[in-house]
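The values are calculated or read from the model by the stated rules, or taken from the named source; none is laboratory data. Not measured: the values here are computed from a predicted model. No Cβ is skipped: glycine too gets one built from the backbone with ideal geometry, and neighbour counts run over all protein chains shown.
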Amino acid sequence: MTNAAMYLRVSLDDTGEEQAVSRQREDCTKIIRQRGWTLIGEYVDNSISASSAAKVRPEYDRLVRDYAAGKFGALVCWDLDRLTRQPRQLEDWIDAAQDRGLLIVTANGEADLTTDAGILFAGIKAQVARAEVKRKGARQARAQQQRAEQGRPAKGIRPTGYTLAGEIIPEEAKIVRRIFDRFTRGETLKGIAADLERDGVPTRRGGHWSSSSVSSILRNARYAGRSVYKGQDVGQGMWKPIVAQAQFSAAQARLDDPRRKTRGESTARKHLGSGLYFCSCGLRVRSISTSGGGKGANRYACRNACYYRSARPVDEYVLATIRGRLAMPDLQGALARPVDRTALAALASQRKEISLRRERFEADYDSGLIDGRRFHAAVGKADAQLDQIRAQEARLLAAAGPTAVLGANNPVAAFDRAPLAIQQQTIDALARVTLLRGVHGSRVFRPESVVWEWRSE
């Protein structure tokens, strides 16, 4: 006695009455009776498409599990296309028929995998289906490339901030600008993600923010109005940019920092005074971790190690002094430095000129006017100049970081909310802080060991 399973499926059932499934059931039941098999299970996926491998078909998945468990030795469906439209899945069923003796029969009479001819027919059908999938993929890829080259929005998954038609979604665009603003002013990917999570800002799909999700937004040239195909910039897009080209370039300069690419290091400083305070010899100090752990275990020293200072008491004193200075009414917006738009515009003009020159090199190479050696030399020089422009844009945008604090209605509160990078930039905008040698063996902090040179003075 052969146990048989029946799989029934229709892609779309507008009425929900399962009329098509009922017709399939009648025809499949006749096959089972004619063969003398015993029906042990019916598996029905009504109004579920099989065109996408990502589409979940609960009953199909149960069918696969039950066959793996040995619950049936025969499978009846109305047509092989009802069973699956995925070449890989169809080939798995053909392998089961050939290698494990699974009996597969279709009620429409097109395939009977209980015979050699039926297996041959199914194999040919699987190859035809696979070829059609490849042709369809090639057509879709070419269409997407054409859309990108024409500057039209890509179809498929929309980026945060835009509709599929390329229209800006204001609330999502604010999130994108926030990410670019914070990153180009010195905040880390991890810090930005944590900040968005703390404020309850949802991702486009409703998930959690992470360093990678923040980075993917910063890497997307579409936000600067550029059309992209397979990661390559193919021209100007027809949609309105959310961020300026200069800011996008500045973000790339930070993301492409060699320390990130070669050693996987964070480029952000982790302690307030590292790279900010000065030693009395004139060098900036750095943070040095010492044994013992804990927040107060770090010390500051210059690279010549003139002397060491405990970090915690120095930082607490500096923060208290800065908060006091920020609270003074005469400071309100006095040192706030807006972005130098004139300098950014000049750099943008230079970038455009170099990019056009680079395109001419490519055209000359394609036309055979210059050889490969000259082409690579010319393009390499142009790319180096573009990298320099990006670095300059990054410095200009980062210099405006303290503006969010110094120009705020409540500078002290804004300073306390700011990330470490902005706090460091704010302190540096206000004063030069120099650490003198402390008293050896003393546990008492001496304020006079920290020298202030106020910028406003």
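In the stretch 107-114, is there at least one residue being modelled with pLDDT of 85 or more, more than 30 Å from Lys270 (Cα to Cα) and outside the structural domain of Gly237 (by TED's automatic domain parsing)?
Within the stretch 107-114, one or more residues are modelled with pLDDT of 85 or more, more than 30 Å from Lys270 (Cα to Cα) and outside the structural domain of Gly237 (by TED's automatic domain parsing).
Against the definition (at pLDDT below 75 and either assigned by TED's automatic domain parsing to the domain that holds Gln86 or under 23 Å from Ala74 (Cα atoms) (or both)), how does Ala126 come out, yes or no?
Criteria met by Ala126.
Give the residues of the stretch 235-289 that are more than 26 Å from Ser211 (Cβ to Cβ) and either among the small types (Gly, Ala, Ser) or modelled with pLDDT under 80 (or both), sorted by residue number.
Across the stretch 235-289, the qualifying residues are Gly235, Gly237, Ser280, Gly282.
Considering Tyr43, Tyr7, which residue is over 38 Å from the mean Cα position of the chain (by Cα) and touching a residue at least 60 places away in the same chain (Cβ under 8 Å)?
Sole residue among the options that is over 38 Å from the mean Cα position of the chain (by Cα) and touching a residue at least 60 places away in the same chain (Cβ under 8 Å): Tyr7.
Please go through the stretch 1-40 and pick out each residue that is part of a strand (DSSP E or B) and either among the hydrophobic types (A, V, I, L, M, F, W, C) or closer than 17 Å to Leu83 by Cβ (or both).
Matches in the stretch 1-40: Ala4, Ala5, Met6, Tyr7, Leu8, Arg9, Val10, Leu39, Ile40.
What's the number of the condition Val433 fails, among (1) closer than 17 Å to Ala327 by Cα; (2) in contact (Cβ under 8 Å) with a residue 60 or more places away in the chain; (3) outside any helix (DSSP H, G or I)?
With respect to (1) closer than 17 Å to Ala327 by Cα; (2) in contact (Cβ under 8 Å) with a residue 60 or more places away in the chain; (3) outside any helix (DSSP H, G or I), Val433 is out only on (1).
Out of the stretch 183-200, which residues are in contact with a helix residue (DSSP H, G or I) (Cβ under 8 Å, 6 or more places away or on another chain) and exposed (fewer than 15 other Cβ atoms within 10 Å of the Cβ)?
Lys190, the sole residue that qualifies.
Please work out which one of (1) surrounded by fewer than 17 Cβ atoms within 10 Å (Cβ to Cβ); (2) part of a helix (DSSP H, G or I); (3) at pLDDT 85 or above is the condition Leu120 fails and give its number.
Among (1) surrounded by fewer than 17 Cβ atoms within 10 Å (Cβ to Cβ); (2) part of a helix (DSSP H, G or I); (3) at pLDDT 85 or above, Leu120 violates only (3).
Modelled with pLDDT under 85, surrounded by 13 or more Cβ atoms within 10 Å (Cβ to Cβ) and not in a helix (DSSP H, G or I): does that describe Ala336?
yes
I need every pair where a residue in the stretch 74-92 that is touching a residue at least 60 places away in the same chain (Cβ under 8 Å) has its Cβ under 6 Å from the Cβ of a residue that is of a type in the set (A, V, I, L, M) and assigned to a helix (DSSP H, G or I), sequence separation at least 6 or different chains.
Val76/Ile31; Val76/Ile32; Cys77/Leu83
Which of the residues belonging to the stretch 138-194 are aromatic (Phe, Trp, Tyr) and part of a helix (DSSP H, G or I)?
Scanning the stretch 138-194 gives Phe180, Phe183.
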